[in-house]
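Colleague: If you scroll down you'll find the structure; I have some questions about it.
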Amino acid sequence: MKTLVIVTHPTMDESLINKRWVEELNKFPEKYVVHELYKSYPDEILDIKKEQELVEAYDKIIFQFPFYWFSSPSLLKKWFDGVLLHGWAYGSKSGYKVGGKKVALAISAGVDDEDFRADGKYRHTVIEFTRPFELSFEYIKADYQKPFVYYGLEHNVSKEWIERSVPLYLDFIDRL
C-alpha cells in the first residue's frame, strides 16, 4: 500500500530540505503519493470532501512541514480543523475514518537538536511541542508514530547536509 505524504510548506520554491524530500518521494510513485497543500490550494480554500476521500484511500499518512513558530504552517492547522470533522473523524456515528491508520510527522527544523532539550535554548523537546498533534491523532484513534525530525538546517545548508537527510527520511517512512 502506498503512503500519502501531505506536504505543507508556504514557500516551497525557497525551501531547501522540503523541496528535496518531495523531489525524492516523487521518484517513487509506486510507493508514495505526494499531496502539496499550498500547491493544491493557493487560495487556502480546502475541498474538504476531496481531502477526506484522499485520507480514506491510504493506511499510512505522513504530514511533512517545516517547524514554524514551534508548530506547523497555518494551512496544516486549517486542514486539521476542516478535514477532521465530527461525524467523519470522530464521534459515535463517524466510523472513525482515520482510526487505525499509521500517521506521523516529518519535520524540518532550522535549529540544532540540543536547542530542543529541557536544558536547551527552548527548554522543551520537539516531542513536547508536537503534543497537540499526538493528542489529536489519539482522539481520532489513529496509530500515531513518533515524528521524524531533521535538525540544524539554519547552520548546515550544505548540499551534503541536505542529501544526508534523504535516505534517513525515506527509511523512516518505509519502516512505519
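The values are calculated or read from the model by the stated rules, or taken from the named source; none is laboratory data. None of the values given here were measured: they were computed from a predicted structure. When we count neighbours, we look across all protein chains shown, and the Cβ atoms used for this are built from the backbone with ideal geometry, even at glycine.
Colleague: So if I check each of Ser136, Ser108, Ser94, which one is hydroxyl-bearing (Ser, Thr, Tyr) and at pLDDT 95 or above?
Modeller: Ser136
Colleague: Then there is this: Among the residues of segment 26-49, how many are assigned to a helix (DSSP H, G or I) and closer than 30 Å to Pro167 by Cα? Outline the logic, then answer.
Modeller: Here is the first cut: in segment 26-49, the ones assigned to a helix (DSSP H, G or I) are 37-40, 48-49.
Those left that are additionally closer than 30 Å to Pro167 by Cα: 37-40.
Counting residues in segment 26-49 that are assigned to a helix (DSSP H, G or I) and closer than 30 Å to Pro167 by Cα gives 4.
Colleague: Same structure again: Please name all residue pairs, on different chains or six or more residues apart, with Cβ atoms under 6 Å, provided the first residue is in segment 151-168 and is within 15 Å of Leu25 (Cβ to Cβ) and the second residue is assigned to a helix (DSSP H, G or I).
Modeller: Here the result reads Ile162/Ile17; Ile162/Arg20; Val166/Glu24, each pair linking segment 151-168 to a residue that is assigned to a helix (DSSP H, G or I).
Residue-wise test of (1) over 21 Å from Tyr139 (Cβ atoms); (2) aliphatic (A, V, I, L, M); (3) without any contact (Cβ under 8 Å) to a residue 12 or more places away in the chain.
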{"residue": "Leu37", "(1), (2), (3)": "yes, yes, no"}
{"residue": "Ala57", "(1), (2), (3)": "yes, yes, no"}
{"residue": "Phe65", "(1), (2), (3)": "no, no, no"}
{"residue": "Trp69", "(1), (2), (3)": "yes, no, yes"}
{"residue": "Ser72", "(1), (2), (3)": "no, no, no"}
{"residue": "Tyr96", "(1), (2), (3)": "no, no, no"}
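Colleague: Check off (1) free of Cβ contacts under 8 Å to residues at least 40 places away in the same chain; (2) assigned to a loop (DSSP other than H, G, I, E, B) for Met1 and give me the number that stays unchecked.
Modeller: Only one criterion in (1) free of Cβ contacts under 8 Å to residues at least 40 places away in the same chain; (2) assigned to a loop (DSSP other than H, G, I, E, B) is unmet by Met1, namely (1).
Colleague: Which residue is surrounded by the fewest Cβ atoms within 10 Å (Cβ to Cβ), if the candidates are limited to segment 135-176 and must be assigned to a loop (DSSP other than H, G, I, E, B) and among the basic types (Lys, Arg)? So that I can check it myself, show each step before the final result.
Modeller: Within segment 135-176, the subset assigned to a loop (DSSP other than H, G, I, E, B) is 140-142, 145-147, 151-158, 176.
Narrowing further to those that are among the basic types (Lys, Arg): 141, 146.
On the way: Lys141: 16, Lys146: 12.
Here the residue is Lys146.
Colleague: While we're looking at this one, here's another question. With respect to Trp88, determine if the residue is in contact (Cβ under 8 Å) with a residue 24 or more places away in the chain, assigned to a loop (DSSP other than H, G, I, E, B) and either buried (at least 16 other Cβ atoms within 10 Å of the Cβ) or acidic (Asp, Glu) (or both).
Modeller: Yes: the conditions hold for Trp88.
Colleague: Output the number of the condition that Pro66 fails; it satisfies all remaining conditions of (1) more than 14 Å from the chain's Cα centre (by Cα); (2) crowded, with 20+ Cβ neighbours inside 10 Å; (3) of a type outside the set (Phe, Trp, Tyr).
Modeller: Here Pro66 clears every test but (1).
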